[in-house]
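Please read the structure below before turning to the comments.
The values are calculated or read from the model by the stated rules, or taken from the named source; none is laboratory data. The model shown is predicted, which means the values in this text are computed figures rather than measured ones. Every residue, glycine among them, receives a Cβ derived from its backbone with ideal geometry; neighbour counts consider all protein chains shown. Surface areas here come from the heavy atoms of the whole protein model, side chains and all, with no ligands, DNA or RNA. Shrake-Rupley method; radii C 1.70, N 1.55, O 1.52, S 1.80 Å.
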Amino acid sequence: MGSLKLLPVWLTLVVALFAHGVISADEKGSKFEAKLSPQTEACIGCHSQISPGIVEDWLSSRHSSMTPAEAMKKPFLERRISATEIPGVLRGYAVGCYECHSRNPEKHQDNFEHMGYRINVVVSPNDCNTCHPVEAGQYAGSKKANAWKIIMKNPVYHTLVSSITGMKKVEKGKITMQEPSPQTLQDTCLGCHGTKVEVKGMKKIYSNSMGEVEVPDLTNWPNQGAGRENPDGSIGSCTACHPRHSFSIKIARQPETCGQCHLEPDVPAYNVFKESKHGNIYDAYKSEWNFTNVPWTVGRDFKTPTCAVCHNSLITAPDGTVVAERTHDFGARLWVRLFGLIYSHPQPKSGDTTIIKNKDGLPLPTTFLNEPASEFLIDKTEQIKRYGTMKNICQTCHSTRWTNDHFAKLDNTIKETNEMTLSATKLLSEAWDKGIEDKSNPFDEQIEKLWIKQWLFYANSVRYASAMTGAPDYAAFKNGWWELSENLQKMRDLIDLKEQVKKSRQPQKKK
Amino acid sequence: MGSLKLLPVWLTLVVALFAHGVISADEKGSKFEAKLSPQTEACIGCHSQISPGIVEDWLSSRHSSMTPAEAMKKPFLERRISATEIPGVLRGYAVGCYECHSRNPEKHQDNFEHMGYRINVVVSPNDCNTCHPVEAGQYAGSKKANAWKIIMKNPVYHTLVSSITGMKKVEKGKITMQEPSPQTLQDTCLGCHGTKVEVKGMKKIYSNSMGEVEVPDLTNWPNQGAGRENPDGSIGSCTACHPRHSFSIKIARQPETCGQCHLEPDVPAYNVFKESKHGNIYDAYKSEWNFTNVPWTVGRDFKTPTCAVCHNSLITAPDGTVVAERTHDFGARLWVRLFGLIYSHPQPKSGDTTIIKNKDGLPLPTTFLNEPASEFLIDKTEQIKRYGTMKNICQTCHSTRWTNDHFAKLDNTIKETNEMTLSATKLLSEAWDKGIEDKSNPFDEQIEKLWIKQWLFYANSVRYASAMTGAPDYAAFKNGWWELSENLQKMRDLIDLKEQVKKSRQPQKKK
Amino acid sequence: MGSLKLLPVWLTLVVALFAHGVISADEKGSKFEAKLSPQTEACIGCHSQISPGIVEDWLSSRHSSMTPAEAMKKPFLERRISATEIPGVLRGYAVGCYECHSRNPEKHQDNFEHMGYRINVVVSPNDCNTCHPVEAGQYAGSKKANAWKIIMKNPVYHTLVSSITGMKKVEKGKITMQEPSPQTLQDTCLGCHGTKVEVKGMKKIYSNSMGEVEVPDLTNWPNQGAGRENPDGSIGSCTACHPRHSFSIKIARQPETCGQCHLEPDVPAYNVFKESKHGNIYDAYKSEWNFTNVPWTVGRDFKTPTCAVCHNSLITAPDGTVVAERTHDFGARLWVRLFGLIYSHPQPKSGDTTIIKNKDGLPLPTTFLNEPASEFLIDKTEQIKRYGTMKNICQTCHSTRWTNDHFAKLDNTIKETNEMTLSATKLLSEAWDKGIEDKSNPFDEQIEKLWIKQWLFYANSVRYASAMTGAPDYAAFKNGWWELSENLQKMRDLIDLKEQVKKSRQPQKKK
């Protein structure tokens, strides 16, 4: 049943019967200003039956209703594509299934024969690069695109990852640790950081509608983490923020998208935003705002920022002045990295942070005592430049003084939270020095874990809350100063308690 | 003041003056295609003054604007009532106050004389059964309808409930525990599981508008828990999801409804959904979706699933094909029970899980060492069948391979989280064996409570996050693998620490 | 560059070129029924360029489109201003920049010369008092307006604040504490409670658009906490709930606004609402409700309450009857204070709670053993009166019996949670009596912090959950009864463990 040899004939029929009929009738022709390529018509012929949700999603997209040729006629600021030249074969058709899933086949390990066509399973940033080269280029240099590498190829972070997600067994009362399974990594850290997707070969799967079909056998799939390593050798995943087949700019501009990964307890950016006055106003009025206009106009399209406003969108004033240029390197407007590793520090120069080496020889942006690895971090001049870019956005609604005072407060917060981390580090050192816990793996015992919480959960929360004034609880009781202070007491008491157990187990010295 | 004897006269006046006047004028008649029964007119006569919010809510409902006779004329897939026959007296009137609050008076202990009519206080699933028998029947067999019984009549779970919600006193430094009060149970566990509502007699209450009136004296009321035991002997509460007097299908289909009970830390299904890509897209576009169409069409009415899509709604493809049949047994499409008690296991055969007996003779679906009570759980064939139903829904938007790989990942998660629970169980056994804590009540001391968290909070969170890929934080830092691992260290340290206290208190042996 | 002397000329040009042109063109004149004062026109001339977001926000407000004279012509119940007389100069113009930022200059320490006009930086409740005297008066007497004083001038609470937010250093293993910095207070407690804003002098700042300008140098600014002390001597901040320049009643009526400060873990009112059935229905239907109508009609404008419905808005029934009068003293409808300090107690008589003195001579509404400072708390008669006001609102949708039973349940919850706090207090006393922790500061050690959590996080959560039935998780597993019970075990074990460390450190007595 469903033999592959017969399918092309069946396909033709399906296309003839359904593609034009079902789809154009249902959509009343309004969507089809843009002509479909014959290959995309063939895709839709089957997939409008086999996976109708995908087709409907794509029908709601700009890709389905406008050709690249038309898109390029838009005034510069309104253009959503950054290519100055589009390959001829793509210009006159809607951006359909085949246009994206057939790009650069020579690079794609995951290219395979599917119903008479050569198809890539994974569409990568390098494929999107065809029409969106500026965005793809900026993204490739960002920490986001390097997120898999950052966490898996830095031995310190990799140890942290393994200590958290590795299976623990208990044998004779002793806890032993294994390396984490790929699936658990995929569900946890690599859910955001991205997996490494490779082709192991081909495998046969049984499809309800198709019978047995042969497809590339991919590792660590499905995954849409921001730093995914793709089977064409590229890094990153556009679908992390522009999901599935609507490629919606509205979704990407809503904080819920960023909030999938930037959330409590380690990076509570989303939670803090939601709790802040900006988030409060967003909640009350978002249904009246315009999340699709390009450029995006402050005061008209939106009244308070979402994540995208401050961090990456092209923003204009009501009179058309550009307030901030678009960037898809999401750290490009940031001077300081609030996220403590283990202290907050200036942004790294390169998105690939595995190249950093600090004074202790470790691949960390600061030492355990907070000495920065300055040559790998942006300098004062660059910090000031980026600070100016951000301030420019704030000042569309806030006075110079307000903005200055706000960021002066943030500077103080960074200083104080770094000191609170240092206090915890001193207590951890005491535990190590006294042999109460073992520093060979600094992440797997209880006092060590309290120390991790101090910087990863509590200091981070306080900093994000300070950076987006108006979420006092993340600075106070919810992973904030309450915890920063209580945690030091917990560390102190646990050192004393465990020291006593240790002593009682030591062989009694003769007196 | 407000004597009952005079009220009927007053009622007549009120009906004459207000019912037609106020309501039809305000609603511009548009709502009143459906004729009201004389009894319902009488109800509204007073209640549009006394409890106008209820009347307005009902006016916004389908019940107020369509008679059962009209509803039965709809094409089969569009019908919202499943009865093939409706009692004659109900057919031609809107489904109003009296139609629901007067059903099956002979069964209702809570039936009473109210302003000249016999009224039931509580409308039960058995009353809704009049027009919705298929739904009522499915629900009655579900775990939800049995939720009160499950938690109160299973001695193991009942001990857990009491250990949590019972009042604790401190006398001479010792903590003693009492049985929980009915009110606290009503606010906590039974808020979701439902209370047992019985009639103790009649009582007089003073109403501002009516003066003194006599009403049935109900126990554990008000309550709308999913497994409420009703004064007509039926179990369940439709209003848990179709609340109050709008009986809104929109509310029932929105994840916030399910999220009232299925939320962190024990069942973070809602939290995981909100954080997932599905939830992200839902947040961005829900205001543009249609939450009331029957049947409910993937890609047209909604673009990503809510809880109801996967677990119970009648779903069709854009071409009208049925993707999934409606069910009100919410476990009917599930093969595995993610919720660990204390391990994840195949779904139970019966919604009444009090009948289960495992190898240790306990009413639990697995033993403490994870041996399943297989004869009470669905077998492999049934598991595969249900898996197929669910996969069919996924595949309206995802490929066969994607779906297979997703659920293979979930299988691994179940295995690993069960093992992490087993590791905790081994540590607890050590504590019990050494006499550090007392197993007579396995839920009331600190190491025991850490053990409960391992399965009830952390293993559950990881499983829900894995089942709805895209909420990496619930698998990682937020009650996920971070806690699963840290918790074992906490148990290890606490055993060692408490062991030392125990030893120091033992009378010194002579050497 | 940007010399101040040249600016007035430039200003005139900007006004001529932009104010009328840009703004009225873009807004199609529809906003400008209300005439602008010449001063406000001048403001807008520059600020539509310099801070366009503010101007756009104001353009969306009622202030920009209606003069006070017009507003006063509205029927009484529809009026949003409560003044019976408006100063002549204000009557005929829109309520613009200058109208608010120039009021009562003689009282404003922060009044300064700005581009030829005398401007106040901060607009205070005393300025809003011009048109809204009833609201300003009610607010001034509330706990909210006194929030800075309550927390900073009560030595007990001030010690708690300092213990949480003060920097801790570790020297030779010992944790030492400093007083918190003003900036950290501003980010934490005073983010909600408000800061004390004073003028230190003038300072020069560099503005991108203006060059160097001189402005008042304010302490603890920016801040919009509810109890801010203003540079005109008044207390409170209207913008805490009616933010920025839209002064939106819609924002103030949405629970997200209240939720900025009233949220978990200490005051989870917002979280409980969101999780309750009321919040569930709000989520499903809020986009269809009317959040701007005055008066606000139950069943028509909204179907379930938000915070504002129960606590302060003017509510009417569909027939126009007043259900509840408007109040801006947010405690005025409350008989009991759920928020435990350290026990739940009747509402205080005065919004300034620093005047309270209990039997132990402490400025707390109860003693540590729960004896109320009754003479400072409202009496039974007043409690019953307020209870009646609240019940009246509930009964627009719920029966008398339902409402009675609901609040009887709350009474029981208050009793039980107070007892659970008392149990924790007894354990703390034991720790103090045994010298395990030091009571001189009752808030800085680990057992003390567990005790604080008992009342501040857990007892509070259970009470809020009970008060808004339908959020069983905040009563059970999420900072609820689970924690109330586990926390006592933690305190018990920690006392035993620390006692042992203490003993081992004491010099051995000779036998």
Hits in segment A:67-95 (condition: farther than 13 Å from A:Lys35 by Cα, open to solvent by 30 Å² or more (accessible area, probe 1.4 Å) and assigned to a helix (DSSP H, G or I)):
A:Phe76, A:Leu77, A:Glu78, A:Gly88
Subset of segment C:377-420 [more than 7 Å from every other protein chain (Cβ to nearest Cβ), more than 24 Å from C:Val322 (Cβ to Cβ) and hydroxyl-bearing (Ser, Thr, Tyr)]
C:Thr417
For segment A:448-504, how many residues meet the condition of being more than 23 Å from C:Asn271 (Cβ to Cβ) and β-branched (Val, Ile, Thr)?
3
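Residue-by-condition table, conditions (1) more than 9 Å from every other protein chain (Cβ to nearest Cβ); (2) in a helix (DSSP H, G or I):
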| residue | (1), (2) |
| --- | --- |
| C:Leu428 | yes, yes |
| C:Ser440 | yes, no |
| C:Ser466 | no, yes |
| C:Gly470 | no, no |
| C:Leu484 | no, yes |
How many residues does segment C:320-348 contain that are over 12 Å from C:Ala308 (Cα atoms), out of contact with any strand residue (DSSP E or B) (no Cβ under 7 Å at 6 or more places or on another chain) and of a type in the set (S, T, N, Q)?
1
Working only within segment A:342-393, note down all residues that are out of contact with any helix residue (DSSP H, G or I) (no Cβ under 8 Å at 6 or more places or on another chain), open to solvent by 30 Å² or more (accessible area, probe 1.4 Å) and more than 22 Å from A:Gly141 (Cβ to Cβ).
A:Lys359, A:Asp360, A:Gly361, A:Glu371, A:Asn392
Which residue is most open to solvent (accessible area, probe 1.4 Å), if the candidates are limited to segment A:406-454 and must be hydrophobic (A, V, I, L, M, F, W, C) and free of Cβ contacts under 8 Å to residues at least 40 places away in the same chain?
A:Ala408
Of everything in segment B:396-405 that's out of contact with any helix residue (DSSP H, G or I) (no Cβ under 6 Å at 6 or more places or on another chain) and in a loop (DSSP other than H, G, I, E, B), which residue is least open to solvent (accessible area, probe 1.4 Å)?
B:His398
Does segment C:378-394 contain at least one residue that is at pLDDT 95 or above, under 25 Å from the mean Cα position of the chain (by Cα) and not in a helix (DSSP H, G or I)?
yes
Mind listing whichever residues of segment B:262-294 are buried (at least 23 other Cβ atoms within 10 Å of the Cβ) and farther than 30 Å from B:Leu456 by Cα?
B:Ala284
Looking at this structure, is C:Asp301 within 14 Å of chain B (Cβ to nearest Cβ), at pLDDT 95 or above, surrounded by fewer than 24 Cβ atoms within 10 Å (Cβ to Cβ) and over 24 Å from the mean Cα position of the chain (by Cα)?
yes
I'd like to know if segment B:135-144 contains one or more residues that are among the charged types (D, E, K, R), assigned to a helix (DSSP H, G or I) and in contact with a strand residue (DSSP E or B) (Cβ under 8 Å, 6 or more places away or on another chain).
no
Taking segment C:49-66 and keeping only residues that are in contact with a Lys or Arg (Cβ under 8 Å, 6 or more places away or on another chain), more than 7 Å from chain A (Cβ to nearest Cβ) and either open to solvent by 30 Å² or more (accessible area, probe 1.4 Å) or assigned to a loop (DSSP other than H, G, I, E, B) (or both), one is left with C:Ser60, C:Arg62, C:Ser64, C:Ser65
Any hit, segment C:490-499, residues being under 30 Å from B:Cys192 (Cα atoms), at the interface with chain B (Cβ under 7 Å from one of its Cβ atoms), under 29 Å from the mean Cα position of the chain (by Cα) and not hydrophobic (A, V, I, L, M, F, W, C):
no
Listed by first then second residue, the pairs whose first member lies in segment C:265-292 and is closer than 21 Å to A:Ala475 by Cβ and facing another protein chain (nearest Cβ under 9 Å), whose partner is among the small types (Gly, Ala, Ser) and open to solvent by less than 10 Å² (accessible area, probe 1.4 Å), with beta carbons under 8 Å and at least 6 positions apart or on separate chains, are C:Pro265/C:Ser461
Determine which member of the set A:Trp455, A:Trp432 is under 23 Å from B:Leu494 (Cβ atoms), more than 8 Å from chain C (Cβ to nearest Cβ) and part of a helix (DSSP H, G or I).
A:Trp432
In segment A:116-126, the residues that are under 16 Å from A:Gly233 (Cα atoms) and in contact with a helix residue (DSSP H, G or I) (Cβ under 6 Å, 6 or more places away or on another chain):
A:Asn120, A:Val123, A:Pro125
Among the residues of segment C:321-329, is there at least one that is within 23 Å of C:Tyr387 (Cβ to Cβ), open to solvent by 10 Å² or more (accessible area, probe 1.4 Å) and in a strand (DSSP E or B)?
yes
Only one of B:Ile151, B:Ile164 is within 15 Å of the chain's Cα centre (by Cα) and within 17 Å of B:Phe339 (Cβ to Cβ). Can you tell me which?
B:Ile151
In segment B:206-221, how many are modelled with pLDDT under 95 and touching an Asp or Glu at 6+ places or on another chain (Cβ under 7 Å)?
1
